[in-house]
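Heads up, the thing below is written out as structure tokens.
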Amino acid sequence: AKREGGGCSVAYAPTLEVNSSRLLMLEDELEQALEQGEIIAHYQPQLDLQKGALYGMEALARWQHPRLGLLGPDHFIPLAERRAMIRRIGARMLELSLAQIAQWDVQGHAVPKVAVNACALELNPGYLEMVLRTLKKYGLAPQRLEIEITESVLCPDGEMAVGVLRALRNAGVQIAVDDFGSGYSSLGQLRKLPLSTLKIDRSFVSEIVNNRADCTIVDAVVKMAHSLGLHTVAEGAETAQQLGVLKQLGCDAVQGYVHARPMAALACSAWLDERTAA
Ligand code: C2E
Ligand code: CA
Ligand code: CA
Ligand code: CA
């Protein structure tokens, strides 16, 4: 909230100053954090709604900060995107995620795929080359990796990004569009992208039980996605009721607190162990 003028700004200004100086401080530290391995991945399971089987894991960036503790992506991803440092974070997340799924294979956990986030800025020929090289390094089929992008790659100067996505898709890597419905593009426009999966934004899922319009929209999105040959993953389901509606609507998979929160690698392996034992 922005407050201007009057007595309010006097009370509010110090907080603003603290926040912006903290941001500057983090900017300096981020470079070092990468080198010291403080940027780590947490993993959140996605479950097949119809069969209950594990569908995949999304890797989510965290900064294990020595003084401030565990920081979520909102604290450093926007910062990194401004400074193109996002490419190095993306490379690190890719390396961690593929190493992890290979390790889960060794441990006997069949994790079908791991999904990593990428922004338009990262999608250049170097990214393509890095993805293929890292898949090879861990002996993984390209289908085990999904790249999550947002509709923003459809921006006027996103041509290179779209080209890189096509090449990735041709190589067998899966492509998901993230937060679907929260942006401005239609499914028609999205057909320009070589997609495999559509992730339905949490804002629709959170109201799906009580809001008829949201339910109708999700129904239509699932039907259209399926007729285009795309899978659907609903984001941010928190209740069993929401799961029930999503299942009825024929959604393929769900990622949300109702199943599990994002977990550190070790906790995630324990979660997998428990499922296998059950
Ligand atoms: P996202 O890709 O939409 O990721 C899903 C976010 O929803 C995650 O927040 C996750 O913790 C949260 N979430 C999952 N299930 C639930 C639920 O049931 N309820 C609620 N309320 N929230 C849920 P997180 O980890 O804070 O990530 C925020 C965003 O940061 C991500 O949104 C993604 O856009 C970005 N991000 C994370 N990691 C990376 C990365 O490695 N690279 C890039 N470029 N962006 C990243
Ligand atoms: Ca995502
Ligand atoms: Ca999302
Ligand atoms: Ca989101």
Looking at the range 101-122, which of the residues that are within 24 Å of Pro45 (Cα to Cα) and within 16 Å of ligand 1 (Cβ to nearest atom) is farthest from the chain's Cα centre (by Cα)? Ile101
Being in contact with a Leu (Cβ under 7 Å, 6 or more places away or on another chain), under 22 Å from Asn170 (Cα atoms) and assigned to a helix (DSSP H, G or I) narrows it down to one residue among Leu98, Leu94; which is it? Leu98
How about the range 186-198: which of its residues are small (Gly, Ala, Ser) and more than 23 Å from Gln46 (Cβ to Cβ)? Ser186, Gly188
At pLDDT below 95 and either over 27 Å from Ile208 (Cβ atoms) or crowded, with 21+ Cβ neighbours inside 10 Å (or both): is that true of Met160 in this structure? yes
If you take just the helices (runs of 4 or more DSSP H) that sit entirely in the range 102-194, which of them hold at least 3 residues that are away from ligand 4 (no atom under 16 Å from the Cβ) and of a type in the set (A, V, I, L, M, F, W, C)? 125-137, 159-171
Just to be sure I understand, how many residues within the range 122-140 are hydrophobic (A, V, I, L, M, F, W, C) and surrounded by fewer than 19 Cβ atoms within 10 Å (Cβ to Cβ)? 4
Return the only residue of Val222, Val209 being within 27 Å of Cys119 (Cα to Cα), more than 17 Å from the chain's Cα centre (by Cα), at pLDDT 95 or above and of a type in the set (A, V, I, L, M, F, W, C). Val222
The conditions are (1) under 24 Å from Met263 (Cβ atoms); (2) modelled with pLDDT of 95 or more; (3) away from ligand 3 (no atom under 16 Å from the Cβ); (4) surrounded by 16 or more Cβ atoms within 10 Å (Cβ to Cβ), and Phe76 fails exactly one of them. Which is it? (2)
Counted residues, the range 58-81 - those being more than 16 Å from ligand 4 (Cβ to nearest atom), in contact with a Leu (Cβ under 9 Å, 6 or more places away or on another chain) and outside any loop (DSSP other than H, G, I, E, B): 6
Does the range 194-205 contain at least one residue that is touching a residue at least 12 places away in the same chain (Cβ under 8 Å) and farther than 25 Å from Leu121 by Cβ? yes
Report the residue count in the range 123-153 for those that are of a type in the set (D, E, K, R) and either modelled with pLDDT under 95 or farther than 22 Å from Gln44 by Cβ (or both). 5
Exactly one of (1) over 23 Å from Tyr55 (Cβ atoms); (2) buried (at least 19 other Cβ atoms within 10 Å of the Cβ) is unmet by Arg212. Its number? (2)
Being within 30 Å of Gln64 (Cβ to Cβ) and more than 15 Å from the chain's Cα centre (by Cα): is that true of Thr197 here? no
Only one of (1) out of contact with any His (no Cβ under 9 Å at 6 or more places or on another chain); (2) closer than 24 Å to Val111 by Cβ; (3) surrounded by 16 or more Cβ atoms within 10 Å (Cβ to Cβ) does not apply to Thr197, and that is (1)
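The values are calculated or read from the model by the stated rules, or taken from the named source; none is laboratory data. Fair warning: this is a prediction, and the values are worked out from it, not measured in the lab. Glycine also receives a Cβ, built like all others from the backbone with ideal geometry; neighbour counts cover every protein chain displayed.
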